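Here is the structure we will look at.
All of the numbers you see were taken from the coordinates with simple rules; none came from a lab. The structure presented is a predicted model; accordingly, all values stated were derived computationally and were not measured. With ideal geometry, Cβ positions are generated from the backbone for all residues, glycine too; neighbour counts draw on all protein chains shown.
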Amino acid sequence: MNRDEKIAFFQHQIQIHLRLAFKPEAFSLWEKFPVLYLPWEEACSTRGCHLLIPIDQEAPLKPQKPWRVPFGGTTLTLWNPLPPPRGNGWNNWPSPNQTLWYYHETGSIIPAWNLFSNLLDLLTLREERELPVRDQHGRFPFSESPRHQANLLQVPAFNEAVAVLLGAVIGMTTGNSPRLDVTDWLLPTAIVLSHDCDILLGNDLITQLIRFYRCWSPLFRAKLPSLRQLYWMGVNSLWNRKYYFNNLAGMIDVERQYGFRSIFYLLNGQGGRFGARSGTKIIREASQVIPPSWEMGIHYNYDTYLEPSRFNQQLQDLQNLVGQEMISGRSHYLRFDPDQSFHFLAAQGIKFDESVGYPDFSGYRAGIGGIYAPLKSTGDPSFLELPLVCMDSNLAKEEIEEAGNSFCRLLNHLEKIGGVMSLLFHPGNFHNPEFPEILGLYARLLDESYLRGCRCFTPKELIDLFASSNLEK
C-alpha cells in the first residue's frame, strides 16, 4: 500500500469500529473533527486545534518499552513510544510517567506512541508475514509472536487506540483536554457465537482410534492405562450421536434462553485425520435441526486450503446439501496465510471470515477485538474479518473457574473501551462428560454475557449492517 492507501485503510477500519462499538453520535463527531495524517516533522510544527497522527515512523517488529496508562476504569497498554516533539510549548499529557499525548499549548496533540504503524502492522499481520516459523499445519505459532514474548497478545491495541482517539476528540470539541473515559459513549459489548461442527458422530474411526491410543499410551510412561477411554468407545459405539449431534439442539436451546443466536460452521468433503469425519448425511440432518433464525456457514476443509477447485467443490456440495448459499466461514484447524487467504476467500465468494485466531491461545492475533475490512485498499472492501478471541479448548486448559475468569477479564476490558468478543464452542464440548473440565462452561459464559447486557450478532447481521451503512468505500 502507498501512503494514501494506508491512510484510507486506517480511516476505514476506525469507521467500522465506531459504527459497531459506539453510539451514533461518536461516529458523527469523529467525521467532523480535523484529524491530520502527517509526516513526523510536519506534525511537530503544526499548530492549532488538531489531532495529528504521524504516518512515517516505522515500528520495530519487536515491541519496545511497553507502558500502561489508566483509562475509563481499566488500563491501556502501549508500546513503541515516539520521542517528545522538538520545540517549545509541548507537554506530556496526562503526566510524564503515564503519557498518552504530547499536548501543545496551542491545542494540537500527537499520540505518544507509534499508533499508526503499530495498528497497520497488527491488522496486516506483519509479524507472521515476516517471521517464517510455522507448525505442522502451516500455522504461525502464537509462541513465536514478539507480542507474546512481551506479554501483549491479550491487548486489543486497535480498540484501545480508537477509544483514546475518540476521548481526545470529545475533550477537544468541548474546549477541554483529551478525555480519559469514553464509557458514556459506548454501546454494550457485542458477542459473536460460533460452532465448528468438526465431529457430529462419536463413533467415527479416527475418534475411536484416538481414544484407543489415549487408553494405552500411559503404558509408555510406566503408568496405568486410561481404561475410561474404552468406556467412551463403547458408549458411542452404541449411541453414536450422544454428546455430539444431540448437543446441537441443547446449544440452540441455551442460546435461545438468553436471547442469543449463533452460526454453525459445517464441515463436509474429504475425510481422514484432518478432514471431515462424520459424513454428508449427518450434515443434512444437522441443517434441519438448526432454526432459520440461526445461521450456517462453511468450515473450509483441510485439503481446500488455497486450492480453488477443491474449495469450490466443497462449497457447492455443502450448498446443495443444505439448500442455501454460504457466505461465512472459518478454516478447519485455523489454517490461514496472511498474504494469500483474504484474497483467496473473497475470490471464492466468502464475505465474512473467522479464521484469524490462535488454535492454542485466547487473545488478539490481529490486535483487534472486532471486525475489520482487510481488503479495503487491495481488493473487495465488503469482505469482513472477525478474528477469533476465545475457543473452548483453550479455556479448558485452565481450571473451570479460571477459564470463566479469563473470558470475563477480556470481556471486562472491552466493556470499558468498546469491541466484539468472538467465542467458538464445539458441539462435542457443550455437554460431554468425557471432558468433565468443560461441563457447563458454555452456559456460564452465556450467562455472564447476558448479565453484562451484551449484544449478540450473527455474521449475516454484521454483513447487512455495513452493507446498508454509508461508510466511505
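Positive end of the dipole of the chain (Cβ unit charges, origin at the Cα centre): among Pro338, Phe116, Gly234, the Cα lying farthest that way belongs to Gly234.
Shape class of the chain from the alpha-carbon gyration tensor: prolate, with a/c at 1.5 or above and a/b greater than b/c. Listed by chain and number, the aspartates and glutamates whose C-alpha is less than 14 Å from the C-alpha of Lys242, apart from same-chain residues fewer than 8 away, are Asp204, Glu434.
Rounded, prolate or oblate, given the Cα gyration tensor of segment 74-132, with a/c below 1.5 counting as rounded? Note, shape of segment 74-132 comes out prolate. For the chain, the residue among Gln270, Asn429, Tyr364 whose Cα projects farthest onto the positive side of the dipole built from Cβ charges is Asn429. Counting beta carbons within 10 Å around each of Thr75, Thr207 and listing the fewest first gives the order Thr75, Thr207. Taken along the Cα-to-beta-carbon direction at a fixed 7 Å, the label points for Gln136 and Ser177 span 5.6 nm.
Multiplying the residue separation of Ala222 and Thr75 by 0.36 nm and subtracting their alpha-carbon distance yields 48.1 nm. Each 10 Å bin, from zero up to the one with the longest distance, holds this percent of the alpha carbon pairs of segment 3-179: 9, 36, 37, 14, 3, 0. Cross-link partners for Lys6 among the lysines, with Cα-Cα distance under 16 Å and sequence neighbours closer than 8 places in the same chain left out: Lys376, Lys473.
With the highest mean first, a sort of the peptides 166-178, 81-93, 342-354 on other beta-carbon atoms found within 10 angstrom per residue produces 342-354, 166-178, 81-93. Only aspartates and glutamates eight or more places from Lys23 in sequence, or on another chain, were considered; those with a Cα closer than 19 Å are Glu31, Glu160, Asp181, Asp184, Glu415, Glu461, Asp464, Glu472. How would segment 224-322 be classified by its alpha-carbon gyration tensor: rounded, prolate or oblate, with rounded meaning a/c under 1.5 and the a/b versus b/c comparison settling the rest? Oblate, because a/c is 1.5 or more while a/b does not exceed b/c. Once the chain from Ala347 to Arg47 is taken as fully extended at 0.36 nm per residue, the excess over their C-alpha distance is 103.4 nm. Angle of helix 400-417 to the longest C-alpha principal axis of the chain, folded into 0 to 90 degrees and rounded to 10: 30°.
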